[in-house]
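Following: one structure in structure tokens, then a few remarks.
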Amino acid sequence: MLGAEIVSAANRITPVALESRTMWVQTPVAQQLGLRDGQIVQAVAEVRDQRVRLWLKDFFFELPNGWVLKDGDKPFLRVNHNASGWGFLIQAYPTGQTSTATPAAASFGLQTAQDLHASEARNANLGMLLTQPAGFASLAKLLNDMRMGQWPVQGEMFNLVQRLLQQRSIMAQMNPMMLKKAVMGQARSLENALSLGEPPGEDAKTIMKQMMALLQDASTEGVSKEQSRELESALRELESAQVQSAQKWLSGELSLHVVLPFVDADPVDLHFQRAPRKPGQEEPPLSVDIHSRSRMLGEIWLNTVISKNTSVDLVMWALRGEVATLARERSGELGLELGAAGLQLQTFQIFNAPRPLVRAGEASGTRGSVIDTRA
């Protein structure tokens, strides 16, 4: 299992640079808002009881589950009017656009869109990525199918499959530098490297795009439609994590989802989080959520909070009782290992239960145990 001394070595990530499904608006509402086709409006998100609303002046619009927005976010929406009616499409603010809003439009926060046709396809794709729920289920299945030999065993596609499988790490050899390299490989996009004039390296996303391009060739054999869809879905998961990270970074927040595929173990999902730093305050703690579905240990969640660079608090949820018991027995050893790495383990909470849908610090201790390593 990845320890806190490893995850703490992955420094703050520099992400990439974002738009989605249409929200339909009743015509009378559109008329009261003074909407015009192609305009851009900035809304305000309200999140209550895991339900998301977008407020525009005195009107709000309910959003379906899966939208990556938090309370107070101010996403931009493009107004779309066609034969089906009025709708909003969430998007990034058009790059380089200057304000051309009329006084009436400005009172609603509206601006006329300029040169959007050329970027419409790009924006629509980015919009889907921006709102896709986090997770790497398709990528995990894809790699497992390839490992089991269910993809072509010869030809150019086979070579790409082998190169993709070589992107996996060996958990038994994992160290802080290897972790940092793996995280940076997913945090930074190929497009970002090219924009800075840097030579592109080979990563999983690049290889998968080459595979998608190869599948456009009708002569490619041995790949079913279902496998092609799985590849496309896996690629979308990686790209989604990058654009969502970029969106958070714009507001000064770190929120990065990555997956670590291994040769000798099941994939591990990581989520790095750090709240925006407020003026005059210390840097907020770094939170790292680790989720694994190990065939040996069962499903495990681990929340690591690192504050003041050296203070560590852990919360663990394990479905198997024997795993939770083993963690309690080995907690002293973990404290010693972290101490050798320059980290101080303050508390280690252990729960024999699935992780609830709340922040780790709010989890009740009634079903687990809390080990204060300072006692």
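Could you count how many residues in the stretch 290-304 are part of a strand (DSSP E or B) and surrounded by fewer than 20 Cβ atoms within 10 Å (Cβ to Cβ)? Walk me through how you get there before you give the answer.
Kept after step one, since they are part of a strand (DSSP E or B), are these residues of the stretch 290-304: 290-294, 298-304.
Filter once more, so that each one left must be surrounded by fewer than 20 Cβ atoms within 10 Å (Cβ to Cβ): 291, 293-294, 298-299.
Qualifying residue count, the stretch 290-304: 5.
Filter the stretch 35-64 down to the residues that are under 20 Å from Asn80 (Cβ atoms) and not in a strand (DSSP E or B) and list them by number.
Matches in the stretch 35-64: Leu35, Arg36, Asp37, Gly38, Ala43, Lys57, Pro64.
May I ask you to list pairs of residues, at least six apart or on different chains, whose Cβ atoms are under 9 Å apart, with the first in the stretch 144-172 being among the hydroxyl-bearing types (Ser, Thr, Tyr) and the second being modelled with pLDDT under 90 and crowded, with 18+ Cβ neighbours inside 10 Å?
Here the result reads Ser169/Leu179; Ser169/Ala182, each pair linking the stretch 144-172 to a residue that is modelled with pLDDT under 90 and crowded, with 18+ Cβ neighbours inside 10 Å.
Test Leu270 against the stated conditions and say whether it is within 22 Å of the chain's Cα centre (by Cα) and aliphatic (A, V, I, L, M).
Answer is yes for this residue.
Suppose we filter the stretch 172-200 for residues that are modelled with pLDDT under 80 and either assigned to a loop (DSSP other than H, G, I, E, B) or farther than 19 Å from Gln273 by Cα (or both); how many remain?
Qualifying residue count for the region: 13.
Might you check whether a residue that is under 25 Å from Gly252 (Cβ atoms) and either touching a Ser or Thr at 6+ places or on another chain (Cβ under 9 Å) or among the hydrophobic types (A, V, I, L, M, F, W, C) (or both) occurs anywhere in the stretch 329-348? Talk me through it step by step, then tell me what you get.
Let us first name the residues in the stretch 329-348 that are under 25 Å from Gly252 (Cβ atoms), namely none.
Checking the stretch 329-348: not a single residue is under 25 Å from Gly252 (Cβ atoms) and either touching a Ser or Thr at 6+ places or on another chain (Cβ under 9 Å) or among the hydrophobic types (A, V, I, L, M, F, W, C) (or both).
For the stretch 24-34, which residues satisfy the criterion of being assigned to a strand (DSSP E or B) and surrounded by 15 or more Cβ atoms within 10 Å (Cβ to Cβ)?
Applying the first criterion (assigned to a strand (DSSP E or B)) to the stretch 24-34 yields 24-25.
Within the stretch 24-34, just Val25 meets the criteria.
For residues in the stretch 333-375 being modelled with pLDDT under 50 and assigned to a helix (DSSP H, G or I), which is nearest to Ile290 (Cα to Cα)? Walk me through how you get there before you give the answer.
Taking the stretch 333-375 first, the residues modelled with pLDDT under 50 are 358-375.
Restricting the remaining residues to those that are assigned to a helix (DSSP H, G or I) gives 360-362.
On the way: Ala360: 12, Gly361: 15, Glu362: 17 Å.
Per the criteria, the residue is Ala360.
The values are calculated or read from the model by the stated rules, or taken from the named source; none is laboratory data. What you are looking at is a predicted structure, and each value in this text was computed from that prediction instead of being measured. Glycine also receives a Cβ, built like all others from the backbone with ideal geometry; neighbour counts cover every protein chain displayed.
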